[in-house]
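One structure is given below, encoded as structure tokens.
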Amino acid sequence: MKLVPRLVLAATLTLGFATENAKSASAAIINYAFTVDSPVTKGNGFFSFDDSTFSNEDNPVATIKSLSFQFDGDSTVYTEKDDTKYPEFPLVFPTTFLSGQTSLGLDYLFNDKSNPSSSISYEIIGDDFTIFSRTSPDAEPILGRVSYTQVPEPTPLVGTLFACSLGWMMKRKVTSMKKVRF
């Protein structure tokens, strides 16, 4: 009789952790968070794309479905529609950074919206962030870095939470059964 609760617990935990790393056979919307860091400004954003839309080229790209970016301390929100070449851009592409880490990178070029009379533009390409002037080619660009983090899908997290909760309840039941027998 002790074997059955343990088998149920083991099977539940195995299924829960298996769904954590499982990859969907079908296309999915992939979500990423990114952070911009330069000597003059920092910011955070999110983007999503459909991984089935990657092109079949040597350097595959996919169009961003949704993008939201905001500089720290600024209420202006930049979206995918703010890219200067929208709707063909912004793009996402697989890349290997200098650190050797394989990830995805953005290709996103947008103008300063908080000050429309400004000639300042921002560009994100992979892990490079650049601030430059469109009207002063001699002006020194400001360089920064971009880092990316994949946002986990909620389905595996819910599955893992369910499996752990079920395991915890089974353990409580087994513990209470032992107390009743003594």
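A few remarks follow.
- In the set (1) modelled with pLDDT of 95 or more; (2) more than 20 Å from the chain's Cα centre (by Cα); (3) open to solvent by 40 Å² or more (accessible area, probe 1.4 Å), residue 122 fails one condition alone, (3).
- Where residue 78 falls short, out of the listed (1) open to solvent by less than 40 Å² (accessible area, probe 1.4 Å); (2) touching a Ser or Thr at 6+ places or on another chain (Cβ under 7 Å); (3) aromatic (Phe, Trp, Tyr): (2)
- Top-ranked residue of the stretch 99-121 - restricted to ones that are in contact (Cβ under 8 Å) with a residue 40 or more places away in the chain and either part of a loop (DSSP other than H, G, I, E, B) or among the hydroxyl-bearing types (Ser, Thr, Tyr) (or both), ranked as farthest from residue 70 (Cα to Cα): 103
- Residues of the stretch 64-74 satisfying the condition of being over 10 Å from residue 45 (Cα atoms) and in contact (Cβ under 8 Å) with a residue 12 or more places away in the chain: 64, 65, 66, 72, 74
The values are calculated or read from the model by the stated rules, or taken from the named source; none is laboratory data. Here the structure is a predicted model, which means the values were calculated and not measured. Using ideal geometry, Cβ is built from the backbone for each residue, glycine included, and neighbour counts are taken over all protein chains shown. Surface areas here come from the heavy atoms of the whole protein model, side chains and all, with no ligands, DNA or RNA. Shrake-Rupley method; radii C 1.70, N 1.55, O 1.52, S 1.80 Å.
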